[in-house]
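The values are calculated or read from the model by the stated rules, or taken from the named source; none is laboratory data. The shown structure was predicted, so the numbers you read here are calculated from the model rather than taken from an experiment. Ideal geometry is used to build each Cβ from the backbone, glycine not excepted, and the neighbour counts take in all protein chains shown.
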Amino acid sequence: MFKRNYPSTFISPLHPDSVRVNLIAAQLLPAVQRGLDIKKRHAIESKKQGSKSCGSQPQIAHLDGLDWEVFVMKNDGHAGAVSWSNGKILVFTGLLNRLETDAEIAAVLAHEIAHLVARHWSELIIYKKWCPYPLKVYFVRRLEIEADRMGMLIMAAAGFDPRIAPVAAEKLVGNDIYHPSGKKRARLLSRAKVMDEALELYREVMSAKAPETHSATGA
Ligand SMILES: [Zn+2]
């Protein structure tokens, strides 16, 4: 419906920007399960050590059959992205103008994918409809922070350096009242425990990807 109502502002799927964001998303999507597995592993380890696991593990069966697609919409004044529960993600040109590298764009797309993995839309409906104002903002911001953390694991599992996630977050200053400030998001993502988990995954993925080296003697 959104696409039908604003057809002239959508960038062609063949435009280099559309191709670029879809290629990045195609790298992120197969990595979702691997990104969640490390959370499971850490939960099992902390259980073994006697500490209580925090939060339930998201299941991804609901993602089966989703028709993932990333659209780009012409709006240079909006440096953001939105997603729908059917797997459609919309990126505004303002975001692509502000971010430089594929890893920065991956951080934003991974955040949107994380919203879908964690089924945040169902909670959002409840919070926005039923919660009084200050409480509503508090709960929605918690979802944003959760999507940031989960997104950072997804990008790491896809082979994007997670240290770029706080850099990208800081560039997305002041989206709206429901998003914590870019500075706060960057600070939360840079916390040692959160970043170490993502870096561990990233290093595992990169070492598995690294080509074997052969030392040729006498050649
Ligand atoms: Zn979000």
* **In region 182-207, the residues that are within 14 Å of the ligand (Cβ to nearest atom) and of a type outside the set (Lys, Arg)** => Gly182, Leu188, Leu189
* **Top-ranked residue of region 111-141 - restricted to ones that are aliphatic (A, V, I, L, M) and within 11 Å of the ligand (Cβ to nearest atom), ranked as surrounded by the fewest Cβ atoms within 10 Å (Cβ to Cβ)** => Leu124
* Evaluate the following for Val117: is it in contact (Cβ under 8 Å) with a residue 24 or more places away in the chain and within 11 Å of the chain's Cα centre (by Cα)? => yes
* **helices (runs of 4 or more DSSP H) fully within region 107-194 counting 2 or more residues that are at pLDDT 95 or above** => 133-157, 164-171, 182-190
* Structure fact -> Scanning region 150-180 for residues that are free of Cβ contacts under 8 Å to residues at least 40 places away in the same chain and in contact with a Lys or Arg (Cβ under 9 Å, 6 or more places away or on another chain), the one surrounded by the fewest Cβ atoms within 10 Å (Cβ to Cβ) turns out to be Val173
* To do: Could you check, for region 86-95, whether at least one of its residues is part of a loop (DSSP other than H, G, I, E, B), at pLDDT below 95 and within 18 Å of the chain's Cα centre (by Cα)?
  => yes
* (1) part of a helix (DSSP H, G or I); (2) touching a residue at least 40 places away in the same chain (Cβ under 8 Å); (3) within 15 Å of the ligand (Cβ to nearest atom): which one isn't true of Glu104, the others all being true? -> (3)
* Could you check Arg187 against (1) over 27 Å from Gln27 (Cα atoms); (2) free of Cβ contacts under 8 Å to residues at least 40 places away in the same chain; (3) surrounded by fewer than 18 Cβ atoms within 10 Å (Cβ to Cβ) and say which number it fails? => (1)
* Only one of Ala79, Ala61 is closer than 21 Å to Glu170 by Cβ, at pLDDT below 90 and of a type outside the set (S, T, N, Q); which? -> Ala79
